[in-house]
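First the structure, in the form of C-alpha cells, and then the observations on it.
The values are calculated or read from the model by the stated rules, or taken from the named source; none is laboratory data. This one's a predicted model, so the numbers in the text were calculated from it and none came from an experiment. Reconstructed Cβ throughout: ideal geometry from the backbone, glycine too, with neighbour counts over all protein chains shown.
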Amino acid sequence: MPIRRPLVPARIATAAVAALVLLAACGGASGQNGTVAPQPDHSAATAAAMPLGTSPGAAPIPGADCDPQAPESPCSIAGHWRIAKVYNPAAADPLEDDREMIGATLTISANGDAPGVLRWDGPDTGQFDVSDICTGPYLSPRGQPAGDPQAHSALKAALTAWQEPGDAGAARSLGCGQGQWTVPSDASGQWYGLVLPLGRHLVLQWYEGRFLLLEAIR
C-alpha cells in the first residue's frame, strides 16, 4: 500500500502564497511601487514638550555651568526660595512679620555663560524694598571669617528662635559683581550680609540686621 504523506506543509505553503498575494494587493507595510510607507515622525513634538536643556531619558541639568567646588561658587544657594520666617533682633517680638515678608519669593541663579542673579520675584506689598538686584552673586570662601560678631550673635539667636539646626559660625558673606543686596556690611563695600546654606533651607541677612529663613520651593 502506498504511503499517504501529510498534507499540512502543502496547506501551509498555499496559505503563505495567498497571504503574500493579498499583502501585495493591499500595499501592506509598503507604499506604491514597493517603497516603504513613511512613518509619522514624533521627534519634533517630543522635543517641544521637553524642558530646554534636556534630552530623552535625561533629567534637567540645573546650573550646568556652576562649579560647586569653586571657592566662591554660589551653587549652594542657587534655586527658587520662599520666605518662611523672619527675625528682627531690634523688635520686642523678633519673630513678628512687621514688614509682611513671609510668603515673598526670590530667585538665585548660578553664574554660567552669563552672570547669575539674586532678585525678588514678588509680591511687592510696598512694605519692603524689592528693587535690590545682585548680579553675579558669589560667596566668601569657606573657612574665611565672615561678618562681624554682632551679626553672628543675631544669626545664632535667630536659628535658636526658629528651632532651625545650623551653625552660625559656618555662615559666609554675600558679594555681588554688580548691583547690591541690602547695604554693604563691611567698610570695603564688598560684602552684603551673611548667608547660611542649610540644604532645603537658606538664611539671608536683610536690612536693619534682620535675618530671613527661606525654604526651597522647587
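Filter the range 134-146 for residues that are under 19 Å from the mean Cα position of the chain (by Cα) and not small (Gly, Ala, Ser); which is surrounded by the most Cβ atoms within 10 Å (Cβ to Cβ)?
The first filter runs over the range 134-146 and keeps only residues under 19 Å from the mean Cα position of the chain (by Cα), leaving 134-139.
Narrowing further to those that are not small (Gly, Ala, Ser): 134-135, 137-139.
On the way: Cys134: 23, Thr135: 16, Pro137: 27, Tyr138: 20, Leu139: 23.
Looking at residues that are under 19 Å from the mean Cα position of the chain (by Cα) and not small (Gly, Ala, Ser), I get Pro137.
For the subset of the range 176-193 comprising residues that are hydrophobic (A, V, I, L, M, F, W, C) and farther than 18 Å from Gly79 by Cβ, which member is nearest to the chain's Cα centre (by Cα)?
Of the residues in the range 176-193, the ones hydrophobic (A, V, I, L, M, F, W, C) are 176, 181, 183, 187, 191.
With the extra rule that they be farther than 18 Å from Gly79 by Cβ, the set shrinks to 183, 187, 191.
Details: Val183: 27, Ala187: 34, Trp191: 25 Å.
Ranking the candidates gives Trp191 first.
Is there a residue in the range 162-173 that is under 16 Å from Pro89 (Cα atoms), of a type in the set (Ser, Thr, Tyr) and not in a loop (DSSP other than H, G, I, E, B)?
Checking the range 162-173: not a single residue is under 16 Å from Pro89 (Cα atoms), of a type in the set (Ser, Thr, Tyr) and not in a loop (DSSP other than H, G, I, E, B).
Could you check, for the range 162-169, whether at least one of its residues is within 23 Å of His80 (Cα to Cα), in contact (Cβ under 8 Å) with a residue 24 or more places away in the chain, touching a helix residue (DSSP H, G or I) at 6+ places or on another chain (Cβ under 7 Å) and surrounded by 13 or more Cβ atoms within 10 Å (Cβ to Cβ)?
Yes: one or more hits.
On the given criteria, is Leu159 surrounded by 22 or more Cβ atoms within 10 Å (Cβ to Cβ), touching a residue at least 12 places away in the same chain (Cβ under 8 Å) and not aromatic (Phe, Trp, Tyr)? If you could, list the steps in order and put the result at the bottom.
On the way: surrounded by 22 or more Cβ atoms within 10 Å (Cβ to Cβ): no; touching a residue at least 12 places away in the same chain (Cβ under 8 Å): yes; not aromatic (Phe, Trp, Tyr): yes.
Taking the combined requirement at face value, the residue does not satisfy it.
In the range 196-211, which residues are among the hydrophobic types (A, V, I, L, M, F, W, C) and more than 17 Å from Pro165 (Cβ to Cβ)? First the steps, then the outcome.
Residues of the range 196-211 that are among the hydrophobic types (A, V, I, L, M, F, W, C), as a first pass: 196, 198, 202-204, 206, 211.
Scanning the range 196-211 gives Leu204, Trp206.
Could you please give the count of residues in the range 91-128 that are of a type in the set (Lys, Arg) and either over 26 Å from the mean Cα position of the chain (by Cα) or over 17 Å from Trp181 (Cα atoms) (or both)?
The number of residues fulfilling the criteria is 1.
Quickly run through the range 174-207 and pick out the residues that are at positive phi and either surrounded by 13 or more Cβ atoms within 10 Å (Cβ to Cβ) or in a strand (DSSP E or B) (or both). Explain how you work it out, then say what you get.
As a first pass, look at the range 174-207 and keep what is at positive phi: 179, 182, 189, 193, 199.
Gly179, Thr182, Gly193 - these are the residues of the range 174-207 that are at positive phi and either surrounded by 13 or more Cβ atoms within 10 Å (Cβ to Cβ) or in a strand (DSSP E or B) (or both).
Which one of these is modelled with pLDDT of 85 or more, out of contact with any strand residue (DSSP E or B) (no Cβ under 8 Å at 6 or more places or on another chain) and part of a loop (DSSP other than H, G, I, E, B): Asp98, Asp113? Break it down stepwise before answering.
Details: Asp113 fails: modelled with pLDDT of 85 or more.
The unique qualifying residue is Asp98.
Count, please, the residues in the range 87-140 that happen to be in contact with a Lys or Arg (Cβ under 7 Å, 6 or more places away or on another chain) and polar (S, T, N, Q).
5
I want to confirm something. Restricting to the range 83-98 and keeping residues that are among the charged types (D, E, K, R) and over 10 Å from Leu212 (Cβ atoms), which single residue is surrounded by the fewest Cβ atoms within 10 Å (Cβ to Cβ)?
Initial filter on the range 83-98 (among the charged types (D, E, K, R)): 85, 93, 96-98.
Imposing the further condition that a residue be over 10 Å from Leu212 (Cβ atoms) reduces the set to 93, 96-98.
Working: Asp93: 8, Glu96: 11, Asp97: 14, Asp98: 12.
If we take residues in the range 83-98 being among the charged types (D, E, K, R) and over 10 Å from Leu212 (Cβ atoms), then Asp93 is surrounded by the fewest Cβ atoms within 10 Å (Cβ to Cβ).
Could you list all residues from the range 85-135 that are without any contact (Cβ under 8 Å) to a residue 24 or more places away in the chain and among the small types (Gly, Ala, Ser)?
Ala91, Ala92, Gly103, Ala114, Gly122, Gly126, Ser131 - these are the residues of the range 85-135 that are without any contact (Cβ under 8 Å) to a residue 24 or more places away in the chain and among the small types (Gly, Ala, Ser).
For the range 79-94, which positions are touching an Asp or Glu at 6+ places or on another chain (Cβ under 6 Å) and among the hydrophobic types (A, V, I, L, M, F, W, C)?
Of all residues in the range 79-94, those touching an Asp or Glu at 6+ places or on another chain (Cβ under 6 Å) come to 82, 84, 86.
Ala84, Val86 - these are the residues of the range 79-94 that are touching an Asp or Glu at 6+ places or on another chain (Cβ under 6 Å) and among the hydrophobic types (A, V, I, L, M, F, W, C).
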